[in-house]
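Only one structure is covered here, and it is reproduced in the block below.
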There are 4 protein chains.
Amino acid sequence: MDEEYGLVVKPDSIIAERVALRVVRALERHGITPRVDEYSRRSYRSLSRLPGFNVKRDLIPKIIVVGGDGTLLRTLMELPDPSKTVIMTVRAGKKGFLLDVESYEVEDRVEDFVNGRYKLVEYSRLHAKATAEREGCVLNDIALVMDRAKLVRLSVYHRGERIMGIDGDGLIISTTVGSTAYSLSAGGPIIDPSLEVIVLTPLNPVQLYLRPIILPPDSRLEVEVRQDSNPLYMVLDGQKTYRLEPGDIVTVDSCPRKARIARFKWWENYYERLYSRIFSYL
Amino acid sequence: MDEEYGLVVKPDSIIAERVALRVVRALERHGITPRVDEYSRRSYRSLSRLPGFNVKRDLIPKIIVVGGDGTLLRTLMELPDPSKTVIMTVRAGKKGFLLDVESYEVEDRVEDFVNGRYKLVEYSRLHAKATAEREGCVLNDIALVMDRAKLVRLSVYHRGERIMGIDGDGLIISTTVGSTAYSLSAGGPIIDPSLEVIVLTPLNPVQLYLRPIILPPDSRLEVEVRQDSNPLYMVLDGQKTYRLEPGDIVTVDSCPRKARIARFKWWENYYERLYSRIFSYL
Amino acid sequence: MDEEYGLVVKPDSIIAERVALRVVRALERHGITPRVDEYSRRSYRSLSRLPGFNVKRDLIPKIIVVGGDGTLLRTLMELPDPSKTVIMTVRAGKKGFLLDVESYEVEDRVEDFVNGRYKLVEYSRLHAKATAEREGCVLNDIALVMDRAKLVRLSVYHRGERIMGIDGDGLIISTTVGSTAYSLSAGGPIIDPSLEVIVLTPLNPVQLYLRPIILPPDSRLEVEVRQDSNPLYMVLDGQKTYRLEPGDIVTVDSCPRKARIARFKWWENYYERLYSRIFSYL
Amino acid sequence: MDEEYGLVVKPDSIIAERVALRVVRALERHGITPRVDEYSRRSYRSLSRLPGFNVKRDLIPKIIVVGGDGTLLRTLMELPDPSKTVIMTVRAGKKGFLLDVESYEVEDRVEDFVNGRYKLVEYSRLHAKATAEREGCVLNDIALVMDRAKLVRLSVYHRGERIMGIDGDGLIISTTVGSTAYSLSAGGPIIDPSLEVIVLTPLNPVQLYLRPIILPPDSRLEVEVRQDSNPLYMVLDGQKTYRLEPGDIVTVDSCPRKARIARFKWWENYYERLYSRIFSYL
């Protein structure tokens, strides 16, 4: 029980703060004093008495994320190597499809987590690279999106063949996990969580006949920003944004560093939870 | 024949320049020396010998536009009052669905135009207004679009009722003419040119059940940027862009100044021309 | 108050029977003994004491329909001339978007109906005709649908132009009212109830670029079943079904006999009621 | 070279007959006299001099199919065990996406086939079973479709969970190969040919939020025809049709007998060929 535990909390949320304090107390009951991510620590005075750590620099073997999907995605993006950390995810608030622990059960799941009673699920991520400075790994999606509705022209290549040519608002390249996020809103299919694939979903293409394409998970893609395209943005998991210019080529392949998440009941009622989330927007 | 004729030409296009020179010669054959929009005049040395005019300031009763849809839309947006000008539209290049005169027939149509042998079609436009500084009329569409894929939250009100609530990439509010432009790519229907309506097409909404809504042409709409929305852009006919912030309300109603376009065969084979344009993107 | 009132009730429904008995009592309180459609009369012993009438033959100036959308659509289809009857519509059960009176308010609305306190709304209908024996008017839609998934090939003509060529499961031709029924499920837009149009929605076409087309309400269409098509069915308002063969031509235009419905709050909260109905299927 | 070769030809097609005669001559040049399927033999007098065989009963190790997709699908459905036969597929006519040999190269490919110079591709098939009499294997899809536009109500179960509830025209359950057939027209995605999955595509569901679901290839599904559904049809590969009634349960899993097809250039330019086929319907 001498492992270190880290805590990352969604900022500016009374609900997240309350849930985080319950996580802290549950850990303390097991003799564990968690270290709190410095950004979260500055947000909440109630957490400032605890020791801090820096998500981007310090290697902590076990981290508990409290918040919504964005909090998890940001944490994964900031960790120097997510494959060296096990993350437990606690949902605070209504939205947060990727986080499987609900607030009412926090104490029980913290006990399970501390005692190793969970299923460790390794999630494949995709790696996007335009240049050495403009690159990163994603759990959900790489979104190539227009700037101010100006037409984007992209060509997608796979195994040397041009498989999609898009004139429109852009393209989403999504993992299985991301298939129920941005890609779904843009007309993509739902991928069963037990199946690993890559989903290409074009964004409002002038080519009305285009449909989403599903590729094997180990595919290597090249997306060319055509010379006659307007500039656009590459958005990684909704967190990091880079500018792309005509002539740029984005390479997409598997990320060597997978995400490792402790799951307690992820597989149960997947579709029920998915539809509930869809209906929560009604 | 003492009326003044203006000429507006798409910049940086050898094809447009050639077609424009044929228009000039055809007019000169009828004893008319056209005045050339100053911006076009600076772009092409071959046109610089002709007298100039300023689209934004000078009232010219008859204008010939040579280029693509963008050239026409920009001209209509710059004219102080398009309802005081008759525009003849000449397509230079492959794309340009709104321009009905093709380059091969330029001489004949210029003769028709000079002799009043055309059908004057008045096109309703929509008027969008966020504040006094952020407003304008459109022939095609008002696009309310996200910035860098950040979720936009909008509520649309009509006759006091909330008719659409969108969490997504935004909303397109389109005229009949615009129904075959951006709205079509985003999943909107094709509106027959003889029917006047307003089309609301949501952009990649999280609310998967949302569908385009078709409203009467004299509808007055209010689009509220919700307090929990990210900032976004209002793009008018793809030409003018304004920033919108949470709390902004965009009012949409009829533009009092219609567009007046001389049509020679607009009604003929509308659908054949439409499908040809769609297929030109294959 | 010497006008005759007729009653048509959805068969085999305890809920409909109860609501119908409340309608009868409310009418009797105003000294009116309604005549009950013979088919409804045979279905419910509790209604058999009342005098009967035949919807298909007897002209009754005022009819109260109790049930769901199907009950109303069937009644309109059976009436020899719906333009000579005013129909009040009472919803019994959860589904029934076209029926505006809910069961809790039956007594108040019957009083309003008897005293002429309602808005008489005239609904345009479409008329479909393949041959003299295969024709009829619809409030909602004309569905041309495949038999056992065998490919149907149709060409749609409007003003002498071919506006749509479909290889697929068929075509829905819908009124404004019908836009929220079958057409909506097939990808058609929502038409505001204050706008009169015709909606063409292709059914699963091989031509992936096809989109719904919206036409003026007075359009005259011809739908040709191509010689290389498989046979199909023409379904009118989900009630009457005719077989169509290759070579058949279906003519669609306005039905001279409109439907006349007494509305009490039809315009209020149209979209709220529409979305509620969509969500009732979740 | 003492193996037996069979020939199956699309009936009533002058083009198919010509191509078939070239196949016969090419085989004869290698000292092979093919046996011709009795149905094809009766269709074409020019083939009647050759020995016959019965696709449904006789085991022939190598069969050449000449025609369109339907000819191949029918042959696979009729063979007692397709896993014991290698099929070479020759396209006669414009449509026929599944057949990779084009008529201009028939002689060269027959020589390759006879000499074993091809890639043997094994295609997974799906097996559908309602009862012992109503079952079969498909290469493309199992379509559960309405009769005369009457609402169908289905529940789909996977791993004990209800993953889709459809009120609408039905459901398509498709293989990877079938993803570009009926499923594509109904809104399904394109599956890369190197990825094995099952695609569920709902047909015009009232539940507007439904999207296609992609499942692993070894999934076992149960589709329940709800008691309140209308009767419907189960159509296997567009070839065999069975009636389903409320209460029926269709089980879908892997077919133990795969299809074995000799491919010469199947992988090359898959997307180019796919888009060409889509555009051939313009």
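Summary of values
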read-out: Long-range HN-HN contacts of C:Cys255 with modeled amide H, under 5 Å; value: C:Arg125, C:Leu126, C:His127
read-out: Global geometry of the stretch B:196-265, whether rounded, prolate or oblate, following the gyration tensor of its Cα atoms and the 1.5 cut on a/c; value: prolate
read-out: Dipole of chain B, positive end: most advanced residue of B:Val36, B:Leu171, B:Gln207 [Cβ charges, Cα centre]; value: B:Val36
read-out: 20 Å Cα-Cα threshold exceeded, pairs from C:Lys150/D:Lys56; D:Lys95/D:Lys129; B:Lys10/B:Lys84; A:Lys56/A:Lys240; D:Lys10/D:Lys95; D:Lys84/D:Lys265; value: C:Lys150/D:Lys56; D:Lys95/D:Lys129; B:Lys10/B:Lys84; D:Lys84/D:Lys265
read-out: For chain C, fraction of C-alpha pairs farther apart than 23 Å, in %; value: 55
read-out: Global form of the protein assembly as shown, assessed from the alpha-carbon gyration tensor, a/c cut-off 1.5; value: rounded
read-out: Between the stretch C:54-73 and the stretch C:174-225, the alpha-carbon center distance in angstrom; value: 27
read-out: Charge context of B:Glu133, other residues only, Cβ under 15 angstrom, K/R +1, D/E -1; value: +1
read-out: Selection from A:Ala186, A:Leu126, A:Tyr157 lying farthest towards where the dipole of the stretch A:121-186 points positive, charges on Cβ; value: A:Tyr157
read-out: Nearest-to-axis residue of chain B, judged by beta-carbon position, where the axis maps B onto C, in Å; value: B:Pro189, 3
read-out: Cα gyration tensor category, rounded, prolate or oblate, for the stretch B:61-124 with a/c compared to 1.5; value: oblate
read-out: Relative contact order for the stretch B:215-265, counting Cα pairs under 8 Å that sit 6 or more residues apart, in percent; value: 42
read-out: Helix-derived mean residue ellipticity, 222 nm - over chain C, DSSP H n ≥ 4, -39500 (n - 2.57), to 500; value: -5500 deg cm²/dmol
read-out: Options C:Gly6, C:Pro61, C:Pro80, ranked by Cα towards positive dipole end of the stretch C:1-86, top entry (Cβ charges); value: C:Gly6
read-out: Net charge over other residues, Cβ less than 12 angstrom from the Cβ of C:Val206 (K, R count +1; D, E count -1); value: +1
read-out: Under 5 Å, built H, 5+ apart or other chain: amide partners of B:Leu50; value: none
read-out: At R0 = 35 Å, FRET efficiency that the Cβ-Cβ distance of A:Arg243 and D:Glu122 yields, to 0.05; value: 0.15
read-out: Rounded to whole Hz, the Karplus (6.51, -1.76, 1.60) HN-Hα couplings of the stretch A:180-197, x for glycine and proline; value: 9, 9, 4, 4, 5, 4, 8, x, x, x, 8, 9, 4, x, 8, 10, 9, 8
read-out: 7 Å along Cα→Cβ, label-point gaps from A:Arg226 to other copies, nm, shortest first; value: 2.9, 3.6, 4.5
read-out: Dipole magnitude (debye, nearest 20) for the protein assembly as shown, charges at Cβ of Lys, Arg, Asp, Glu; value: 0
read-out: Relative contact order (%) - chain C, alpha-carbon pairs under 8 angstrom, separation at least six; value: 18
read-out: Computed E for A:Lys56/C:Glu272 - FRET, C-beta separation, R0 56 angstrom, nearest 0.05; value: 0.75
read-out: In the stretch D:109-138, the GluC sites (Glu not before Pro) that fall in loop regions by DSSP, at most 13 other Cβ within 10 Å; value: D:Glu133
read-out: Cα centroid separation - the stretch D:76-106 against the stretch C:16-40, whole Å; value: 66
read-out: Label distances, nm, C:Pro246 versus same residue in remaining copies, Cβ-directed 7 Å point; value: 3.8, 5.0, 6.3
read-out: Radius ratio Rg over Rh of the stretch D:126-254, counting only Cα atoms, Kirkwood formula for Rh; value: 0.92
read-out: In order through the stretch C:90-97: 3J(HN,Hα) via Karplus (6.51 cos²θ - 1.76 cosθ + 1.60), integer Hz, x for Gly, Pro; value: 10, 7, 10, x, 7, 8, x, 5
read-out: Charge dipole (debye, nearest 20) of the stretch B:139-257; +1 at Cβ of Lys and Arg, -1 at Cβ of Asp and Glu; value: 160
read-out: Residue-by-residue Karplus 3J(HN,Hα) for the stretch A:204-216, coefficients 6.51, -1.76, 1.60, Hz, glycine and proline x; value: 6, x, 4, 6, 4, 7, 5, 10, x, 10, 10, 10, x
read-out: Separation of the A:Glu28 and C:Tyr157 label points, Cα + 7 Å toward Cβ, nm; value: 8.4
read-out: Label geometry 7 Å along the beta-carbon vector: B:Arg162 inter-copy distances in nm; value: 2.9, 4.6, 4.7
read-out: Beta bridge orientation in chain C: antiparallel %, DSSP, nearest 5; value: 75
read-out: Only Lys, Arg (+1) and Asp, Glu (-1) charged, at Cβ; chain C dipole about Cα centre in debye; value: 560
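None of the figures in this text is laboratory data; all of them are computed from the coordinates on show. Just so it is clear, the model here is predicted, and its values are computed rather than measured. Note: ideal-geometry Cβ built from the backbone for every residue, glycine included; neighbour counts use all protein chains shown.
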